[in-house]
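> Got a structure for you, questions after.
The values are calculated or read from the model by the stated rules, or taken from the named source; none is laboratory data. Quick caveat: nothing in here was measured; it's all calculated off a predicted structure. Cβ: placed from backbone, ideal geometry, glycine included. Neighbour counts: every protein chain shown. Keep in mind that these areas ignore ligands, DNA and RNA; they rest on the heavy atoms of the full protein, side chains included. Shrake-Rupley method; radii C 1.70, N 1.55, O 1.52, S 1.80 Å.
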Amino acid sequence: MKEFLLVILVAPFVGFLINGLFRNVLSKKIIAFNACGQILISFLFSLVVFSTILESGGAIFEYYNFIKVGSFQIPFALQIDQLSSIFLLIITGVGFLIHVYSASYMKEESSAHFGRYFSYLNLFIFFMLLLVLGANFVIMFIGWEGVGLCSYLLIGYWFKNTEYNYAARKAFVMNRIGDLGFLIAIFWLIAKLDTTSFSIIFSNESLAKLSTLDITAITLLLFVGATGKSAQIPLYTWLPDAMAGPTPVSALIHAATMVTAGVYLVARCNVLYSLAPITQTIIVCIGLATAILAATIALKQNDIKKILAYSTVSQLGFMFFALGLGAYTAAVFHVITHAFFKALLFLGSGSVIHAMGGEQDIRKMGGLSKKLKITYWTFFIGCLAIAGIPPFSGFFSKDAILVSAFAKSPALYFMVLLGALLTAFYMFRLLFITFSGSFRGTKEQQQHLHESPAVMTLPLIILAILSLVAGVIGIPDVLLNGGDKLSEFLSPIIFVNNEHQLSHSTEYLLMGLSTILIIGVIVVAWVLFKKYKTTETVGIGKFFENKWYVDELYNKTIVNSINKLAKICNDIIEKSGIDAVVNGVGRLVHYGSRQLRLLQSGQVGNYILVMVLCMVLVFSFQFIFKK
């Protein structure tokens with residue numbers, strides 16, 4: 001298995017090197033085949049590793065000492081267990097489908113840029129795999145920073161567009177804010193335990209060395225890192241702007257990889273978080289607030305990708321809400337199902353944009369179900385899954401979160417249920433405005449409407465099937481004697497709290513209530529938007545459309561303040577201080593050399609005069625100061 005893990009990790013990196021170094025000489029077919037093939041190799045080996053985990057459990061493999069200072073050492077070690085094996089399958093499986101889809105979606109790019117795109121995509125997968133396979137916080141942090149770098153490169157892929165560059169820079173800077181918290185947590189652990197290895201830190205012996213303050217501070221700092229990467233309040237505004245990248249990039253970042261890193265981090269550290277009730281309470285509050293805030297914004301967005309982006313922020317809020325409750329398995333379950341239906345929705349939106357000639361405003365669409373039948377039906381399945389309609393996968397993962405919330409507090413249950421209802425409303429608003437009614441675009445767009453090629457629709461079909469059946473891995477005991485296979489599988493890694501188990505009758509009641517309400521919301525959306533006509537947004541809708549003016553608030557209070565400070569530093573400290581000193585030294589040298597030059601005039605008479613004067617000065621000095 002040790003060699004298998006290296007193959008899984010190295011294959012995408014090899015793809016990155018080949019496409020990156022030879023992008024100017026390779027054809028598009030070879031570039032696409034190489035990029036997709038390397039991810040397929042990782043996926044196949046991930047299947048083998050997963051089957052091995054089912055039989056024999058996890059293991060840690062040390063390859064060499066990465067850092068060694070005296071007795072302190074950090075090995076380059078990879079850890080494969082139940083949790084990381086699931087993420088391997090998600091990253092490589094969904095990543096492979098996105099790579100295949102990209103081969104057609106990006107075909108209009110030149111060979112050099114086509115190669116650059118796929119090299120970035122392969123490198124992204126490599127760093128994400130390193131993140132989940134790392135056996136200690138340092139190796140994880142390398143992968144953590146790597147996906148941040150790759151997201152910057154991919155979001156700003158079309159670098160000639162200044163706005164896209166701003167979006168990439170915004171993502172990079174906001175992630176660095178969160179990463180600082182992660183880094184401080186690592187230093188804290190080193191100071192207290194003299195190690196960064198998970199197996200040692202999570203042992204009872206090490207936990208006994210940490211005070212309540214240590215555990216609370218470390219978990220909060222780790223959560224700050226997760227907040228940046230997984231776009232939670234207040235560091236969520238970069239994620240909607242990340243739509244500047246190509247649509248497959250949006251699917252990769254928002255569905256299976258980068259944004260789930262924060263959830264993985266907290267789930268991996270569940271032993272620490274279970275000992276930090278203050279941190280858990282904070283996570284519950286932030287997760288719930290993020291879920292509802294992002295859902296309200298999604299209600300009034302008109303850019304098809306922006307709606308899905310805020311949907312991702314909202315769904316991540318649900319996951320962190322579950323993590324804060326201690327329902328770690330429910331959060332991981334929702335990560336799995338979300339990877340399938342959100343990748344499906346993003347790739348479906350890409351198919352729509354492709355058919356519309358680049359148009360992303362849903363107000364200029366309508367009636368597309370007649371021309372884009374495969375895209376429509378797969379997108380419809382994705383909407384049913386994210387809304388939580390049985391028997392689609394999203395129903396089971398959301399139900400696990402809702403049940404956990406009710407077990408903790410009925411008030412929390414109804415608040416998170418509100419978020420679920422908002423999800424169903426804005427997703428079916430998107431579906432009906434885009435695919436129902438009459439076409440509202442231009443005649444030229446209408447003439448060119450066509451279904452996407454098979455290379456794009458096949459990943460949609462596969463993801464639609466997965467969105468339908470993936471829920472079977474977490475069917476609760478109350479249904480069909482499900483046995484909750486996922487909880488059983490993750491039990492060696494994730495702490496399971498059976499303290500607040502509900503009766504079967506209560507669970508049936510909660511399932512029925514949420515399903516009926518969600519169906520009611522879908523009916524309301526159908527009535528309102530089946531024959532959509534563009535209208536002006538007013539009142540609170542305008543407030544939601546402008547995203548609660550959070551970006552404007554950040555710009556006014558933080559960005560503008562930093563810019564003013566930078567201007568002061570530039571004008572006073574830089575120009576009047578540092579530049580003045582440096583330039584002054586230059587001017588002084590220049591002046592001195594100009595004066596010294598006069599001594600070398602070339603006039604012999606002057607030289608004799610100076611020599612005589614110097615002799616007179618020497619004799620005078622000796623005469624005056626002689627003892």
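> Considering each of Leu272, Leu308, Leu293 in turn, give the residue that is crowded, with 24+ Cβ neighbours inside 10 Å and either within 18 Å of the chain's Cα centre (by Cα) or outside any loop (DSSP other than H, G, I, E, B) (or both). Reasoning before the result, please.
Values: Leu272 fails: crowded, with 24+ Cβ neighbours inside 10 Å; Leu293 fails: crowded, with 24+ Cβ neighbours inside 10 Å.
Answer to the check: Leu308.
> I've got another one for you. Contact list please: Cβ distance under 7 Å, first residue in the stretch 234-257 and free of Cβ contacts under 8 Å to residues at least 60 places away in the same chain, second residue open to solvent by less than 10 Å² (accessible area, probe 1.4 Å) and of a type in the set (S, T, N, Q), pairs at least six apart or on different chains.
Qualifying pairs under 7 Å: none.
> Another question, then. For the stretch 501-535, name all the residues that are touching a Gly at 6+ places or on another chain (Cβ under 9 Å) and within 23 Å of Ile362 (Cβ to Cβ). Even if it seems obvious, please write down each step before you answer.
The initial filter retains those residues of the stretch 501-535 that are touching a Gly at 6+ places or on another chain (Cβ under 9 Å), namely 514-515, 518, 529-533.
Result: Ile518, Phe529, Lys530, Lys531, Tyr532, Lys533.
> Still on this structure: If Lys443 meets every condition in (1) more than 25 Å from the chain's Cα centre (by Cα); (2) closer than 24 Å to Tyr310 by Cβ; (3) among the charged types (D, E, K, R) apart from one, which number is that one?
Among (1) more than 25 Å from the chain's Cα centre (by Cα); (2) closer than 24 Å to Tyr310 by Cβ; (3) among the charged types (D, E, K, R), the lone unmet condition for Lys443 is (2).
> Same structure again: What's the total number of residues in the stretch 375-400 that are open to solvent by 20 Å² or more (accessible area, probe 1.4 Å) and of a type in the set (Gly, Ala, Ser)?
1
> Is it the case that Gly520 is touching a helix residue (DSSP H, G or I) at 6+ places or on another chain (Cβ under 9 Å) and without any contact (Cβ under 8 Å) to a residue 60 or more places away in the chain? Walk me through it before giving the result.
Values: touching a helix residue (DSSP H, G or I) at 6+ places or on another chain (Cβ under 9 Å): yes; without any contact (Cβ under 8 Å) to a residue 60 or more places away in the chain: yes.
Here the answer is yes, as Gly520 does meet what is asked.
> Also, I was wondering about something else. Among the candidates Gln73, Gln38, Gln79, single out the residue that is crowded, with 21+ Cβ neighbours inside 10 Å and in contact with a strand residue (DSSP E or B) (Cβ under 7 Å, 6 or more places away or on another chain). It would help to see each step written out before you state the result.
On the way: Gln73 fails: crowded, with 21+ Cβ neighbours inside 10 Å; Gln38 fails: in contact with a strand residue (DSSP E or B) (Cβ under 7 Å, 6 or more places away or on another chain).
Checking each option against the conditions leaves just Gln79.
> One residue is enough: does the stretch 186-198 have a residue meeting the conditions open to solvent by 80 Å² or more (accessible area, probe 1.4 Å), closer than 23 Å to Ala112 by Cα, out of contact with any Cys (no Cβ under 8 Å at 6 or more places or on another chain) and touching a residue at least 40 places away in the same chain (Cβ under 8 Å)?
No; the residues of the stretch 186-198 include none that is open to solvent by 80 Å² or more (accessible area, probe 1.4 Å), closer than 23 Å to Ala112 by Cα, out of contact with any Cys (no Cβ under 8 Å at 6 or more places or on another chain) and touching a residue at least 40 places away in the same chain (Cβ under 8 Å).
> Just wondering, is there one or more residues in the stretch 212-225 that are in contact with a Gly (Cβ under 9 Å, 6 or more places away or on another chain) and among the aromatic types (Phe, Trp, Tyr)? If you could, list the steps in order and put the result at the bottom.
In the first step, residues of the stretch 212-225 are kept if they are in contact with a Gly (Cβ under 9 Å, 6 or more places away or on another chain); the result is 220-225.
Now drop any that are not among the aromatic types (Phe, Trp, Tyr), which leaves 223.
Within the stretch 212-225, one or more residues are in contact with a Gly (Cβ under 9 Å, 6 or more places away or on another chain) and among the aromatic types (Phe, Trp, Tyr).
> Does Val403 satisfy the condition of being part of a helix (DSSP H, G or I), open to solvent by less than 40 Å² (accessible area, probe 1.4 Å) and either without any contact (Cβ under 8 Å) to a residue 24 or more places away in the chain or under 22 Å from Gln301 (Cβ atoms) (or both)? Break it down into steps so the answer makes sense when it comes.
On the way: part of a helix (DSSP H, G or I): yes; open to solvent by less than 40 Å² (accessible area, probe 1.4 Å): yes; either without any contact (Cβ under 8 Å) to a residue 24 or more places away in the chain or under 22 Å from Gln301 (Cβ atoms) (or both): no.
No; evaluated as a whole, the condition is false for this residue.
> Same structure, new question: In the stretch 18-29, what residues are over 18 Å from Tyr101 (Cβ atoms) and open to solvent by 70 Å² or more (accessible area, probe 1.4 Å)?
First, the residues of the stretch 18-29 that are over 18 Å from Tyr101 (Cβ atoms): 18, 20-27.
Result: Leu21, Phe22, Arg23, Asn24, Val25.
> Of the residues in the stretch 527-548, how many are touching a helix residue (DSSP H, G or I) at 6+ places or on another chain (Cβ under 6 Å) and more than 30 Å from Asp241 (Cβ to Cβ)?
Count: 1.
> Which one is nearest to the chain's Cα centre (by Cα), of the residues in the stretch 89-104 that are closer than 19 Å to Thr375 by Cβ and surrounded by fewer than 23 Cβ atoms within 10 Å (Cβ to Cβ)?
Top of the filtered list is Val100.
> If the requirement is being farther than 22 Å from Pro453 by Cβ, in a helix (DSSP H, G or I), open to solvent by 30 Å² or more (accessible area, probe 1.4 Å) and modelled with pLDDT of 90 or more, which of these qualifies: Ala424, Ala411?
Answer to the selection: Ala411.
> Checking Asn165 against (1) under 30 Å from Glu552 (Cα atoms); (2) open to solvent by 70 Å² or more (accessible area, probe 1.4 Å); (3) not aliphatic (A, V, I, L, M), which test does it fail?
(2)
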